[in-house]
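Okay, so here's the structure we're looking at.
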Amino acid sequence: MLHVTADLVGDITKGISQFFSNAIGTTLNDLMHAITPFLAMIGNTPTAFTTGNPVVHGAWLTMVGVADAFLGLYVTMKIIQMMHGEATGTTHMPLSQFVPKVILTVLLIHASAFLGEQLIAIVNALCELVRTNVTDFLKQVNGGKLFDANQNTGLSVVLAIVFGISLVRVVFQAIKRIVFFNVLFVFSGPAFLMSLDLQTAPWFQFWFRTYLVTILEQFIQFLTFSLGFQFLLAIKQTGFTGFILAIAMLNLTAEIPSIMARFASSTGGSAPGLGSLVRGAVTAAALLF
(Lines give C-alpha, C1' and ligand atoms only; values in the text may rest on other atoms or scores of the structure.)
Protein backbone atom coordinates (compact mmCIF):
# COMPACT_ATOMS: atom_id res chain seq x y z
CA MET A 1 0.00 0.00 0.00
CA LEU A 2 2.79 2.41 0.97
CA HIS A 3 4.68 1.46 -2.17
CA VAL A 4 1.64 2.22 -4.34
CA THR A 5 1.11 5.55 -2.55
CA ALA A 6 4.75 6.54 -3.02
CA ASP A 7 4.56 5.73 -6.72
CA LEU A 8 1.37 7.77 -7.04
CA VAL A 9 2.93 10.77 -5.28
CA GLY A 10 5.99 10.42 -7.49
CA ASP A 11 3.85 10.39 -10.64
CA ILE A 12 1.89 13.43 -9.48
CA THR A 13 5.10 15.31 -8.63
CA LYS A 14 6.63 14.37 -11.96
CA GLY A 15 3.48 15.47 -13.79
CA ILE A 16 3.40 18.84 -12.01
CA SER A 17 7.10 19.35 -12.69
CA GLN A 18 6.64 18.48 -16.36
CA PHE A 19 3.68 20.84 -16.60
CA PHE A 20 5.63 23.82 -15.23
CA SER A 21 8.66 22.92 -17.34
CA ASN A 22 6.53 22.92 -20.49
CA ALA A 23 4.84 26.16 -19.46
CA ILE A 24 8.18 27.88 -18.81
CA GLY A 25 9.61 26.51 -22.05
CA THR A 26 6.61 27.75 -24.05
CA THR A 27 6.78 31.18 -22.42
CA LEU A 28 10.51 31.50 -23.10
CA ASN A 29 10.06 30.39 -26.70
CA ASP A 30 7.30 32.96 -27.22
CA LEU A 31 9.48 35.62 -25.63
CA MET A 32 12.47 34.74 -27.81
CA HIS A 33 10.32 34.86 -30.96
CA ALA A 34 9.04 38.28 -29.88
CA ILE A 35 12.49 39.82 -29.34
CA THR A 36 14.29 38.04 -32.19
CA PRO A 37 13.80 40.96 -34.65
CA PHE A 38 15.54 43.24 -32.13
CA LEU A 39 18.48 40.96 -31.26
CA ALA A 40 20.51 42.20 -34.22
CA MET A 41 20.41 45.73 -32.75
CA ILE A 42 22.80 44.64 -30.00
CA GLY A 43 25.66 44.56 -32.52
CA ASN A 44 24.23 46.67 -35.34
CA THR A 45 22.63 50.10 -35.71
CA PRO A 46 20.41 50.05 -38.82
CA THR A 47 20.57 53.24 -40.87
CA ALA A 48 16.88 52.75 -41.68
CA PHE A 49 16.16 53.52 -38.01
CA THR A 50 18.70 56.34 -37.65
CA THR A 51 20.48 58.51 -40.22
CA GLY A 52 18.61 57.01 -43.18
CA ASN A 53 15.17 57.35 -41.64
CA PRO A 54 13.07 60.05 -43.36
CA VAL A 55 11.60 61.30 -40.08
CA VAL A 56 15.01 61.53 -38.37
CA HIS A 57 16.59 63.16 -41.43
CA GLY A 58 13.72 65.64 -41.67
CA ALA A 59 14.16 66.59 -38.01
CA TRP A 60 17.91 67.00 -38.63
CA LEU A 61 17.21 69.34 -41.58
CA THR A 62 14.89 71.41 -39.39
CA MET A 63 17.51 71.79 -36.66
CA VAL A 64 20.18 72.64 -39.27
CA GLY A 65 17.89 75.43 -40.47
CA VAL A 66 17.54 76.65 -36.88
CA ALA A 67 21.33 76.51 -36.44
CA ASP A 68 21.86 78.49 -39.66
CA ALA A 69 19.41 81.16 -38.49
CA PHE A 70 21.12 81.55 -35.12
CA LEU A 71 24.51 81.49 -36.83
CA GLY A 72 23.44 84.43 -38.96
CA LEU A 73 22.35 86.34 -35.86
CA TYR A 74 25.60 85.47 -34.09
CA VAL A 75 27.76 86.59 -37.01
CA THR A 76 25.81 89.86 -37.26
CA MET A 77 26.27 90.50 -33.54
CA LYS A 78 29.99 89.75 -33.70
CA ILE A 79 30.51 92.03 -36.70
CA ILE A 80 28.77 94.85 -34.82
CA GLN A 81 31.04 94.18 -31.82
CA MET A 82 34.12 94.29 -34.09
CA MET A 83 33.00 97.57 -35.64
CA HIS A 84 32.39 98.99 -32.17
CA GLY A 85 35.79 97.74 -31.02
CA GLU A 86 37.51 99.36 -33.99
CA ALA A 87 35.78 102.64 -33.26
CA THR A 88 36.42 102.68 -29.52
CA GLY A 89 39.72 100.79 -29.41
CA THR A 90 38.39 98.03 -27.14
CA THR A 91 39.62 94.44 -27.35
CA HIS A 92 37.81 92.22 -29.86
CA MET A 93 38.43 89.11 -31.93
CA PRO A 94 40.35 89.83 -35.15
CA LEU A 95 38.44 89.27 -38.35
CA SER A 96 41.22 86.95 -39.60
CA GLN A 97 40.48 84.56 -36.71
CA PHE A 98 36.71 84.91 -36.74
CA VAL A 99 36.10 84.14 -40.42
CA PRO A 100 37.89 80.71 -40.43
CA LYS A 101 35.98 79.69 -37.29
CA VAL A 102 32.67 80.60 -38.92
CA ILE A 103 33.55 78.72 -42.10
CA LEU A 104 34.60 75.62 -40.14
CA THR A 105 31.39 75.78 -38.08
CA VAL A 106 29.21 76.07 -41.20
CA LEU A 107 30.98 73.09 -42.77
CA LEU A 108 30.56 70.98 -39.62
CA ILE A 109 26.88 71.92 -39.22
CA HIS A 110 26.02 70.84 -42.77
CA ALA A 111 28.36 67.82 -42.73
CA SER A 112 27.08 66.55 -39.38
CA ALA A 113 24.74 64.06 -41.07
CA PHE A 114 27.62 62.64 -43.11
CA LEU A 115 29.81 62.44 -40.01
CA GLY A 116 27.07 60.61 -38.11
CA GLU A 117 26.56 58.14 -40.95
CA GLN A 118 30.30 57.42 -41.15
CA LEU A 119 30.60 56.89 -37.39
CA ILE A 120 27.68 54.44 -37.47
CA ALA A 121 29.25 52.62 -40.45
CA ILE A 122 32.61 52.36 -38.66
CA VAL A 123 31.08 50.95 -35.47
CA ASN A 124 28.92 48.50 -37.44
CA ALA A 125 32.05 47.32 -39.29
CA LEU A 126 33.90 46.84 -36.00
CA CYS A 127 31.00 44.79 -34.62
CA GLU A 128 30.96 42.71 -37.80
CA LEU A 129 34.64 41.87 -37.23
CA VAL A 130 33.77 40.72 -33.72
CA ARG A 131 30.86 38.66 -35.06
CA THR A 132 33.19 37.00 -37.61
CA ASN A 133 35.70 36.16 -34.89
CA VAL A 134 32.96 34.54 -32.80
CA THR A 135 31.85 32.46 -35.80
CA ASP A 136 35.42 31.32 -36.45
CA PHE A 137 35.79 30.44 -32.78
CA LEU A 138 32.63 28.33 -32.83
CA LYS A 139 33.95 26.42 -35.83
CA GLN A 140 37.31 25.82 -34.14
CA VAL A 141 35.79 24.33 -31.02
CA ASN A 142 33.26 22.27 -32.98
CA GLY A 143 35.38 20.58 -35.62
CA GLY A 144 35.08 23.17 -38.38
CA LYS A 145 31.31 23.67 -38.32
CA LEU A 146 28.70 25.63 -36.40
CA PHE A 147 26.60 24.07 -33.66
CA ASP A 148 23.59 22.09 -34.85
CA ALA A 149 20.18 21.95 -33.19
CA ASN A 150 21.03 19.03 -30.90
CA GLN A 151 24.19 20.70 -29.65
CA ASN A 152 22.39 23.99 -29.11
CA THR A 153 19.92 22.22 -26.84
CA GLY A 154 22.49 21.71 -24.11
CA LEU A 155 23.57 25.32 -24.24
CA SER A 156 20.00 26.55 -24.40
CA VAL A 157 19.10 24.66 -21.23
CA VAL A 158 21.83 26.51 -19.38
CA LEU A 159 21.01 29.91 -20.85
CA ALA A 160 17.23 29.72 -21.31
CA ILE A 161 16.21 31.43 -18.09
CA VAL A 162 19.03 33.96 -18.36
CA PHE A 163 18.14 34.82 -21.95
CA GLY A 164 14.51 35.09 -20.89
CA ILE A 165 15.33 37.84 -18.38
CA SER A 166 18.77 39.39 -18.86
CA LEU A 167 18.81 39.36 -22.66
CA VAL A 168 15.59 41.36 -22.75
CA ARG A 169 17.36 44.01 -20.66
CA VAL A 170 20.25 44.17 -23.14
CA VAL A 171 17.84 44.37 -26.09
CA PHE A 172 15.97 47.26 -24.47
CA GLN A 173 19.30 49.00 -23.95
CA ALA A 174 20.08 48.60 -27.65
CA ILE A 175 16.72 50.13 -28.62
CA LYS A 176 17.21 52.97 -26.12
CA ARG A 177 20.70 53.59 -27.53
CA ILE A 178 19.33 53.97 -31.07
CA VAL A 179 16.58 56.36 -29.94
CA PHE A 180 19.08 58.42 -27.92
CA PHE A 181 21.46 58.54 -30.87
CA ASN A 182 18.64 59.90 -33.04
CA VAL A 183 18.07 62.70 -30.52
CA LEU A 184 21.77 63.59 -30.44
CA PHE A 185 22.01 63.31 -34.23
CA VAL A 186 19.10 65.69 -34.76
CA PHE A 187 20.74 68.29 -32.50
CA SER A 188 24.18 67.94 -34.14
CA GLY A 189 23.70 71.16 -36.13
CA PRO A 190 22.96 73.41 -33.12
CA ALA A 191 25.66 71.56 -31.16
CA PHE A 192 28.36 72.48 -33.67
CA LEU A 193 27.02 76.04 -33.64
CA MET A 194 27.59 76.22 -29.88
CA SER A 195 31.27 75.37 -30.43
CA LEU A 196 31.73 78.79 -32.05
CA ASP A 197 31.50 80.80 -28.82
CA LEU A 198 33.49 80.33 -25.61
CA GLN A 199 30.40 80.76 -23.45
CA THR A 200 28.46 77.96 -25.16
CA ALA A 201 31.47 75.70 -25.93
CA PRO A 202 31.00 73.60 -22.74
CA TRP A 203 27.54 72.59 -23.98
CA PHE A 204 29.06 71.50 -27.28
CA GLN A 205 31.75 69.52 -25.47
CA PHE A 206 29.13 67.74 -23.36
CA TRP A 207 27.13 66.90 -26.51
CA PHE A 208 30.26 65.72 -28.32
CA ARG A 209 31.33 63.40 -25.49
CA THR A 210 27.80 62.01 -25.15
CA TYR A 211 27.55 61.55 -28.94
CA LEU A 212 30.78 59.57 -29.18
CA VAL A 213 30.02 57.51 -26.07
CA THR A 214 26.54 56.64 -27.39
CA ILE A 215 27.96 55.50 -30.74
CA LEU A 216 30.86 53.53 -29.23
CA GLU A 217 28.55 51.95 -26.64
CA GLN A 218 27.32 49.52 -29.30
CA PHE A 219 30.81 48.22 -30.06
CA ILE A 220 31.98 48.00 -26.43
CA GLN A 221 28.78 46.24 -25.35
CA PHE A 222 28.80 43.82 -28.28
CA LEU A 223 32.51 43.08 -27.73
CA THR A 224 31.87 42.36 -24.05
CA PHE A 225 29.00 40.04 -24.93
CA SER A 226 31.04 38.23 -27.60
CA LEU A 227 34.10 37.76 -25.38
CA GLY A 228 31.90 36.47 -22.58
CA PHE A 229 30.19 34.06 -24.97
CA GLN A 230 33.55 32.78 -26.22
CA PHE A 231 34.71 32.29 -22.65
CA LEU A 232 31.53 30.39 -21.77
CA LEU A 233 31.99 28.03 -24.72
CA ALA A 234 35.73 27.63 -24.21
CA ILE A 235 35.45 26.36 -20.65
CA LYS A 236 32.51 24.09 -21.63
CA GLN A 237 30.73 24.55 -18.31
CA THR A 238 27.08 23.50 -18.02
CA GLY A 239 24.59 23.10 -15.22
CA PHE A 240 24.79 25.43 -12.25
CA THR A 241 28.31 26.67 -13.03
CA GLY A 242 27.40 27.55 -16.60
CA PHE A 243 24.24 29.21 -15.37
CA ILE A 244 26.19 31.46 -12.99
CA LEU A 245 28.76 32.34 -15.68
CA ALA A 246 26.00 33.20 -18.16
CA ILE A 247 24.37 35.48 -15.59
CA ALA A 248 27.70 37.22 -14.97
CA MET A 249 28.31 37.63 -18.72
CA LEU A 250 24.93 39.23 -19.45
CA ASN A 251 24.93 41.38 -16.32
CA LEU A 252 28.35 42.78 -17.23
CA THR A 253 27.09 43.46 -20.76
CA ALA A 254 24.11 45.32 -19.31
CA GLU A 255 26.39 47.43 -17.11
CA ILE A 256 28.40 48.82 -20.04
CA PRO A 257 26.05 51.79 -20.74
CA SER A 258 26.23 53.03 -17.13
CA ILE A 259 30.02 52.61 -17.09
CA MET A 260 30.46 54.55 -20.33
CA ALA A 261 28.05 57.26 -19.19
CA ARG A 262 30.69 58.31 -16.65
CA PHE A 263 32.99 59.31 -19.50
CA ALA A 264 30.29 61.50 -21.02
CA SER A 265 29.60 63.29 -17.73
CA SER A 266 33.26 63.80 -16.77
CA THR A 267 34.78 67.19 -17.54
CA GLY A 268 38.45 66.38 -17.05
CA GLY A 269 39.54 69.86 -15.97
CA SER A 270 39.77 72.66 -18.51
CA ALA A 271 37.50 72.11 -21.50
CA PRO A 272 39.25 71.66 -24.86
CA GLY A 273 38.28 73.65 -27.92
CA LEU A 274 36.69 72.44 -31.13
CA GLY A 275 40.05 71.98 -32.85
CA SER A 276 41.46 69.75 -30.13
CA LEU A 277 38.26 67.67 -29.99
CA VAL A 278 38.33 67.14 -33.76
CA ARG A 279 42.03 66.25 -33.65
CA GLY A 280 41.34 63.83 -30.79
CA ALA A 281 38.57 62.12 -32.76
CA VAL A 282 40.85 61.81 -35.82
CA THR A 283 43.64 60.39 -33.65
CA ALA A 284 41.28 57.84 -32.08
CA ALA A 285 40.08 56.74 -35.53
CA ALA A 286 43.68 56.39 -36.70
CA LEU A 287 44.52 54.22 -33.71
CA LEU A 288 41.55 51.94 -34.38
CA PHE A 289 42.44 51.42 -38.03
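Label zone of LEU73 (point 7 Å out along Cα→Cβ, amide N under 20 Å): in region 179-220 this covers 187-204.
For region 206-218, the Karplus equation 6.51 cos²θ - 1.76 cosθ + 1.60, evaluated at θ = phi - 60°, returns couplings of 5, 4, 5, 5, 5, 4, 5, 5, 5, 5, 6, 4, 4 Hz by residue, with Gly and Pro reported as x. Just to verify a number: FRET efficiency for THR200 and ARG169, C-beta to C-beta distance, R0 = 35 Å, to 0.05? For R0 = 35 Å, the calculated efficiency reads 0.45.
Label zone of THR62 (point 7 Å out along Cα→Cβ, amide N under 20 Å): in region 186-202 this covers 186-194. Counting only protein heavy atoms and a 1.4 Å probe, tell me what percentage of region 76-132's accessible area is made up of carbon and sulfur. Within region 76-132, the accessible surface is 72 percent carbon and sulfur. From most to least packed by mean Cβ count within 10 Å, the peptides 60-70, 208-218, 42-52 give 208-218, 42-52, 60-70.
The values are calculated or read from the model by the stated rules, or taken from the named source; none is laboratory data. All of these numbers come straight from a predicted model, not from anything done at the bench. Because the Cβ atoms are built from the backbone with ideal geometry, glycine has one as well, and the counts that use them run over all protein chains shown. When the accessible area is computed, the model is the full protein with side chains, heavy atoms only, and any ligands, DNA or RNA have been set aside. Shrake-Rupley method; radii C 1.70, N 1.55, O 1.52, S 1.80 Å.
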